[in-house]
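**Student:** Let me give you the structure first, and then I'll get to my questions.
Only the coordinates and a few stated rules stand behind these numbers; no lab work does. Only a predicted model underlies this, so the values are computations on that prediction, with no experimental measurement involved. Cβ placement follows ideal geometry from the backbone for every residue including glycine, while neighbour counts extend to all protein chains displayed.
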Amino acid sequence: LVYLMYRTFNQISIHKPVTSRPANFERYIICKGLREDFRDFVRAYMYEINVLQNKCNANSEDNDVQSIVPMHIVKGNENFYEYIRDSNNHLGEHQIRNLRKIHAFVSNATLRDNRQNEVRLKCLQLW
């Protein structure tokens, strides 16, 4: 799906908001500059995927649509593939760092974040 958005828009960006819990895997895709030339193709393609999924559901099949873009196409676009790989690595490293911090605080109740007082004061100022 991200690849289709990459093809449908001039720019995409994947973000994990700072308001998201550190252990949460949620990520958001931000798209800019709709490309009219590819929009109708993607719309029709997604409609066909939906029809296929509905057939699976109607037939009480246990399988779902597992993939909508073959991996060789995704890997064939080096710019996209590198962006996704680098984005996943960066967000994954950030998440690991945060999970380690959570683990340290859970393991030792006497630990305190040095910035805790500073953050509290900043929040009070903003409110």
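**Student:** Can you say whether His90 is surrounded by 12 or more Cβ atoms within 10 Å (Cβ to Cβ), without any contact (Cβ under 8 Å) to a residue 24 or more places away in the chain, not small (Gly, Ala, Ser) and not in a strand (DSSP E or B), as far as the supplied structure shows?
**Tutor:** It is true that His90 is surrounded by 12 or more Cβ atoms within 10 Å (Cβ to Cβ), without any contact (Cβ under 8 Å) to a residue 24 or more places away in the chain, not small (Gly, Ala, Ser) and not in a strand (DSSP E or B).
**Student:** For segment 97-119, enumerate the residues that are assigned to a helix (DSSP H, G or I) and surrounded by fewer than 10 Cβ atoms within 10 Å (Cβ to Cβ).
**Tutor:** Residues satisfying the conditions are Val106, Ser107, Gln116.
**Student:** Every residue in segment 73-113 that is touching a strand residue (DSSP E or B) at 6+ places or on another chain (Cβ under 7 Å) and among the aromatic types (Phe, Trp, Tyr), please. Spell out how you get there, then give the answer.
**Tutor:** First pass over segment 73-113, keeping only residues touching a strand residue (DSSP E or B) at 6+ places or on another chain (Cβ under 7 Å): 87.
None - no residue of segment 73-113 is touching a strand residue (DSSP E or B) at 6+ places or on another chain (Cβ under 7 Å) and among the aromatic types (Phe, Trp, Tyr), so the list stays empty.
**Student:** Could you tell me how many of the residues in segment 69-86 are surrounded by 10 or more Cβ atoms within 10 Å (Cβ to Cβ) and either under 16 Å from Ile12 (Cβ atoms) or touching a residue at least 12 places away in the same chain (Cβ under 8 Å) (or both)?
**Tutor:** Qualifying residue count for the region: 11.
**Student:** I'd like to check something: does segment 6-19 contain any residue that is touching a residue at least 40 places away in the same chain (Cβ under 8 Å) and closer than 30 Å to Ile102 by Cα?
**Tutor:** yes
**Student:** Select, from Glu36, Glu26, the only residue that is without any contact (Cβ under 8 Å) to a residue 40 or more places away in the chain and under 15 Å from the mean Cα position of the chain (by Cα).
**Tutor:** The unique qualifying residue is Glu26.
**Student:** In addition: Within segment 52-68, does at least one residue satisfy the condition of being in contact (Cβ under 8 Å) with a residue 40 or more places away in the chain and not aliphatic (A, V, I, L, M)?
**Tutor:** Looking through segment 52-68, none of the residues is in contact (Cβ under 8 Å) with a residue 40 or more places away in the chain and not aliphatic (A, V, I, L, M).
**Student:** Here is a follow-up. Within segment 5-57, work out how many residues are surrounded by 14 or more Cβ atoms within 10 Å (Cβ to Cβ), of a type in the set (D, E, K, R) and either in contact with a Cys (Cβ under 9 Å, 6 or more places away or on another chain) or not in a loop (DSSP other than H, G, I, E, B) (or both).
**Tutor:** Result for segment 5-57: 1.
**Student:** Looking for something under 30 Å from Gln116 (Cβ atoms) and not aliphatic (A, V, I, L, M) - is there at least one such residue anywhere in segment 8-15?
**Tutor:** Scanning segment 8-15 turns up at least one residue that is under 30 Å from Gln116 (Cβ atoms) and not aliphatic (A, V, I, L, M).
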